[in-house]
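What follows is a single structure, written as structure tokens, with notes after it.
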Amino acid sequence: MSKLSRRQFVHTSAAAGAGLAVSGRMAHAVQSNEKIGVALIGAGGRGGSHLSAWLGDKRTDLLTIVDVDEKAAASRADAAEKSQGFRPKIVTDMREVFDDKSIDVISTATPNHWHALCGIWAMQAGKDAYIEKPVSHNIHEGTALIAAARKYDRICQVGTQCRSATAQQEMVDFIQAGGIGEVNFARGLCYKRRKSIGALGDYAVPGNVDFNLWSGPAAYTDPKVTRPRFHYDWHWQRLYGNGDSGNQGPHQTDVARWGLGIDTHPISVISYGGRLGYQAERKDDNYVDAGDTPNTQVSIYDYGDKCMVFETRGLGVDNSDDAELNKLFKSTKGNKIGVVFYGSNGYCVQVSYGHSIAYDADMNVIKEFKGAKDHFANFLDAVESRNYKDLTADVREGHLSASLSHLGNISLAIGEQKKMSVKEATEHLSKIKSLDDNDATLQRTIKHLEKNGVDLEKYPIAMGPLLKFDPEKEIFPENEVATAMCTREYRAPFVCPTADKV
Ligand SMILES: NC(=O)c1ccc[n+]([C@@H]2O[C@H](COP(=O)([O-])OP(=O)(O)OC[C@H]3O[C@@H](n4cnc5c(N)ncnc54)[C@H](O)[C@@H]3O)[C@@H](O)[C@H]2O)c1
């Protein structure tokens with residue numbers, strides 16, 4: 001009885017006493033009065049929001065907390081115990097959860113490199129899965145996740161919660177009903193200050209962390225890391241994270257793609273930028289920041305008749321001289337995280353998760369959309385209905401939106417071999433056609449970098465190649481190096497299967 005709460009013990013005993021052959025959902029239903037048994041996997045920052053969601057929904061019992069950091073798991077378990085009256089089991093290795101028949105659903109807020117494998121293992125074991133964005137660390141993982149969800153008939157929701165926000169749903173309906181005329185172009189923005197994460201070096205892994213399990217599918221770096229802060233800052237190291245285009249980005253690329261009515265990958269991508277400006281920030285020309293993802297990036301996605309641009313700015317974001325964006329965001333300063341849709345008769349702007357604004361062509365407000373709904377509850381609704389079409393953010397949407405980050409990052413990574421002066425970059429982009437004014441976007445980006453003290457002669461911009469992409473085969477037909485970057489080398493036994501082998 002040591003590991004079971006009294007309450008679970010009573011129900012388990014009742015089931016056993018009744019001689020019931022029970023498994024999975026049924027087993028848990030017998031154990032806990034029909035409540036959905038949840039295991040939270042990854043109890044760090046975002047894990048806290050998952051925890052609150054499960055504790056706040058009367059349909060669920062939070063039975064297990066998995067974290068490779070025992071302190072993180074214990075502190076979340078304390079909170080859960082206070083709220084629900086019994087303590088969830090604490091587990092270090094997620095594979096234990098997949099064997100546990102009392103668990104019906106898992107929700108995962110691990111670092112990105114674990115998302116897909118965790119989701120696939122869970123669905124293979126018959127669990128439904130709520131997986132944080134980006135749903136994959138590379139393109140092929142997303143395809144494999146979709147295959148697993150369909151093969152095992154599981155419900156798989158992605159943590160792009162804007163999909164459940166009435167503000168965004170109503171804005172998208174408004175756009176698609178012609179509210180701002182014809183719309184073929186959208187710009188996603190992640191203007192969000194990200195200071196240097198500290199100097200590149202060898203730092204010890206905290207003693208309370210199982211680093212083998214933390215590393216999982218990624219290379220094991222003989223337990224040391226190269227960043228000062230162990231948790232969270234992995235976002236800015238490619239081995240584990242995808243930079244801000246894969247962190248904040250999937251929320252906005254998802255809204256942009258949704259509003260544009262695009263249900264496929266782009267046919268080409270080009271991306272430029274770099275990890276710039278931290279020498280100026282530290283007033284040290286020799287300073288090397290521990291991150292290797294871009295903090296400044298512009299990616300241009302061509303869908304043939306439609307186009308999306310996604311901009312990341314991690315340096316000082318006081319862009320009060322950008323009159324158009326200031327007006328559209330109703331803000332002259334600070335972070336700008338959102339999406340601008342450019343229509344033939346006006347604009348629609350997502351200014352926050354639960355707020356969007358429609359303007360006429362003269363930038364007069366014509367409509368505002370406000371409100372958000374519980375994205376976790378939407379997942380549970382679909383778990384109950386057993387229909388993945390009831391999800392607002394099914395895994396396929398997550399895959400298409402996460403892939404935008406991967407596509408841009410592939411172009412930019414290749415571009416790191418080819419840094420360009422401002423003149424070269426300007427000339428290069430002038431040869432590339434898109435529905436955006438490519439030159440205006442580049443010049444705005446350059447101005448932003450210069451304003452932040454970046455010496456572009458000394459630290460030039462990386463200019464990625466224009467890469468053609470085959471949306472069906474998910475390969476770059478003319479670039480083998482780029483195609484190889486659609487997956488990664490996995491470290492056994494943490495190997496994410498390909499879609500045909502799930
Ligand atoms: N939807 C949103 O709005 C939103 C907001 C923030 C973060 N996120 C996403 O949530 C994820 C987590 O972000 P975070 O800020 O909480 O990071 P974090 O580093 O603070 O937390 C990650 C936690 O996962 C644990 N972990 C690592 N490997 C594990 C494993 N194999 N099994 C179990 N636990 C493991 C870590 O020990 C840590 O406690 C990211 O993918 C991020 O993109 C989403």
- Query: Are there any helices (runs of 4 or more DSSP H) wholly within the range 329-440 with 2 or more residues that are acidic (Asp, Glu), and if so which?
  - Reply: 375-385, 422-430
- With criteria (1) in contact (Cβ under 8 Å) with a residue 24 or more places away in the chain; (2) touching a helix residue (DSSP H, G or I) at 6+ places or on another chain (Cβ under 9 Å); (3) within 16 Å of the ligand (Cβ to nearest atom); (4) hydrophobic (A, V, I, L, M, F, W, C), MET308 comes up short on (3)
- Message: Tell me whether the range 67-76 contains one or more residues that are in contact with a Phe, Trp or Tyr (Cβ under 7 Å, 6 or more places away or on another chain) and assigned to a loop (DSSP other than H, G, I, E, B).
- Response: yes
- Item | Wholly within the range 200-294, helices (runs of 4 or more DSSP H) carrying at least 1 residues that are more than 30 Å from MET171 (Cα to Cα) | 211-215, 278-282
- Query: Just to be sure, is VAL298 of a type in the set (A, V, I, L, M, F, W, C), within 18 Å of the chain's Cα centre (by Cα) and under 25 Å from SER196 (Cα atoms)?
  - Reply: yes
- Scan ILE180, ILE197 and give me the residue that is of a type in the set (Val, Ile, Thr), out of contact with any His (no Cβ under 6 Å at 6 or more places or on another chain) and either closer than 24 Å to ASN335 by Cβ or in a strand (DSSP E or B) (or both). ILE197
- Determine, yes or no, whether GLN157 is closer than 30 Å to HIS355 by Cα, within 10 Å of the ligand (Cβ to nearest atom), in contact (Cβ under 8 Å) with a residue 24 or more places away in the chain and not hydroxyl-bearing (Ser, Thr, Tyr). no
- Query: Tally time: how many residues in the range 245-292 are β-branched (Val, Ile, Thr) and either surrounded by fewer than 24 Cβ atoms within 10 Å (Cβ to Cβ) or not assigned by TED's automatic domain parsing to the domain that holds ALA186 (or both)?
  - Reply: 4
- Task: Filter the range 41-95 down to residues that are of a type in the set (D, E, K, R), in contact (Cβ under 8 Å) with a residue 40 or more places away in the chain and out of contact with any Leu (no Cβ under 8 Å at 6 or more places or on another chain) and give me whichever is farthest from the ligand (Cβ to nearest atom).
- Result: ARG87
- Query: Among the residues of the range 96-141, which ones are within 14 Å of the ligand (Cβ to nearest atom), part of a loop (DSSP other than H, G, I, E, B) and small (Gly, Ala, Ser)?
  - Reply: ALA109, SER136
- Query: Within the range 323-348, how many residues are among the acidic types (Asp, Glu) and in contact with a helix residue (DSSP H, G or I) (Cβ under 7 Å, 6 or more places away or on another chain)?
  - Reply: 0
- Failed criterion for GLY216 (all others in (1) surrounded by fewer than 16 Cβ atoms within 10 Å (Cβ to Cβ); (2) over 21 Å from LEU449 (Cβ atoms); (3) touching a residue at least 12 places away in the same chain (Cβ under 8 Å) hold): (1)
- Task: Please verify whether the range 475-496 includes one or more residues that are among the aliphatic types (A, V, I, L, M), farther than 24 Å from ALA125 by Cα and part of a strand (DSSP E or B).
- Result: yes
- Take the residues in the range 314-328 that are within 24 Å of the chain's Cα centre (by Cα) and surrounded by fewer than 24 Cβ atoms within 10 Å (Cβ to Cβ), then tell me which one is nearest to ALA358 (Cα to Cα). VAL317
- Query: On the given criteria, is ALA149 in a helix (DSSP H, G or I) and either out of contact with any Cys (no Cβ under 6 Å at 6 or more places or on another chain) or more than 24 Å from TYR303 (Cα to Cα) (or both)?
  - Reply: yes
- Message: Suppose we filter ILE432, ILE461, ILE475, ILE446 for residues that are closer than 26 Å to TYR191 by Cβ, free of Cβ contacts under 8 Å to residues at least 40 places away in the same chain and not acidic (Asp, Glu); which single one remains?
- Response: ILE446
- Residue check for GLU311: within 18 Å of the chain's Cα centre (by Cα), assigned to a helix (DSSP H, G or I) and under 20 Å from LYS133 (Cα atoms): no
- Verdict on VAL172 being within 14 Å of the ligand (Cβ to nearest atom) and modelled with pLDDT of 95 or more: no
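The values are calculated or read from the model by the stated rules, or taken from the named source; none is laboratory data. Since the model is a prediction, treat every value here as computed from it, not as a measurement. Glycine gets a Cβ as well: all are built from the backbone with ideal geometry, and neighbour counts include every protein chain shown.
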